[in-house]
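The values are calculated or read from the model by the stated rules, or taken from the named source; none is laboratory data. Fair warning: this is a prediction, and the values are worked out from it, not measured in the lab. We place every Cβ from the backbone using ideal geometry, glycine too, and count neighbours over all the protein chains shown. SASA here: full protein model, heavy atoms, side chains in, ligands and nucleic acids out. Shrake-Rupley method; radii C 1.70, N 1.55, O 1.52, S 1.80 Å.
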Amino acid sequence: MTRLLAGLLRGIVAVGLLVSLPACLEGLPLPGGGGFPDVPGDDGNDSGVTDSGYCEPIGIPDTNTQQQMLNALNNYRIENSLATLMYSDTLEQAAQAHAQDMSFRNFFDHTNPDGDGPFDRAVTAGFCHAMMIGENIAYGQQSVAEVQNGWEGSPGHNANMLHTQYTFVGMGHYVSLLGEQYWVQLFGTTID
């Protein structure tokens, strides 16, 4: 029902979700007990990785749409006198997988039908020493500008985009066979 309303209203139904856990998760078993889904193109930019000063390397968006999403977010942060966020291929992998999963399994939520939330997905994808994870999702918008404007107009989503403690972000975007568009921003901060 939520997915249907989101498509009809072309608005953003879900509120931004912020999950904070102040514990180092390295070495803990992965949530869900399984591997992470293989997402085509999720690690195609490994040769472009540079040192971030954190345990998570700086990545490069895999697609033009993901690059546009990153540019829109970082320009918005600059307009609000905030530092830009570094791009994480790991968070991109988790965001892209979630966008596809919402389409494939016909749901629209921060928590998937298996009970995994943004923090679970980020850690499962390999985001190192995760301390804080936040997520924005949207459904139905037809352009980066439309989804960015919608998130800016929503207090919960806007708070995630302007959160001062995030250092990394990864973007997910998926277009179903029916042309339905799913959008994900996955934010993260590491302990180190």
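For this structure, a couple of remarks:
- Check on I78, surrounded by 15 or more Cβ atoms within 10 Å (Cβ to Cβ) and of a type in the set (A, V, I, L, M): no
- Region 98-111, residues that are hydrophobic (A, V, I, L, M, F, W, C) and either open to solvent by 30 Å² or more (accessible area, probe 1.4 Å) or in a loop (DSSP other than H, G, I, E, B) (or both): F104, F107, F108
- Yes/no for A95 being within 13 Å of the chain's Cα centre (by Cα) and crowded, with 21+ Cβ neighbours inside 10 Å: yes
- Verdict on Q148 being open to solvent by less than 40 Å² (accessible area, probe 1.4 Å), in a helix (DSSP H, G or I) and either out of contact with any Gly (no Cβ under 7 Å at 6 or more places or on another chain) or β-branched (V, I, T) (or both): yes
- Entry remark, region 133-145: residues being open to solvent by less than 30 Å² (accessible area, probe 1.4 Å) and either of a type in the set (G, A, S) or at pLDDT below 95 (or both) number 3 in total.
- Among (1) surrounded by fewer than 24 Cβ atoms within 10 Å (Cβ to Cβ); (2) assigned to a loop (DSSP other than H, G, I, E, B); (3) not aliphatic (A, V, I, L, M) - the single one T189 does not satisfy: (2)
- Some residue of region 36-47 being within 16 Å of the chain's Cα centre (by Cα), modelled with pLDDT of 50 or more and open to solvent by 50 Å² or more (accessible area, probe 1.4 Å): no
- Residue that is at pLDDT below 50 and assigned to a helix (DSSP H, G or I), where the choices are G32, G27: G32
- Residue in region 67-86 that is assigned to a loop (DSSP other than H, G, I, E, B), touching a residue at least 24 places away in the same chain (Cβ under 8 Å) and aromatic (F, W, Y) present: no
- Taken over region 122-132, residues that are open to solvent by less than 20 Å² (accessible area, probe 1.4 Å), at pLDDT 95 or above and more than 16 Å from G172 (Cβ to Cβ) amount to 1.
Per-residue answers, yes or no, for (1) in contact (Cβ under 8 Å) with a residue 40 or more places away in the chain; (2) outside any strand (DSSP E or B); (3) not small (G, A, S):
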| residue | (1), (2), (3) |
| --- | --- |
| P113 | no, yes, yes |
| R121 | yes, yes, yes |
| A138 | yes, no, no |
| Q141 | yes, yes, yes |
| N158 | yes, yes, yes |
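- Boolean, F119 is open to solvent by 20 Å² or more (accessible area, probe 1.4 Å) and at pLDDT 95 or above: no
- Residue match in region 175-188 (condition: β-branched (V, I, T) and without any contact (Cβ under 8 Å) to a residue 60 or more places away in the chain): yes
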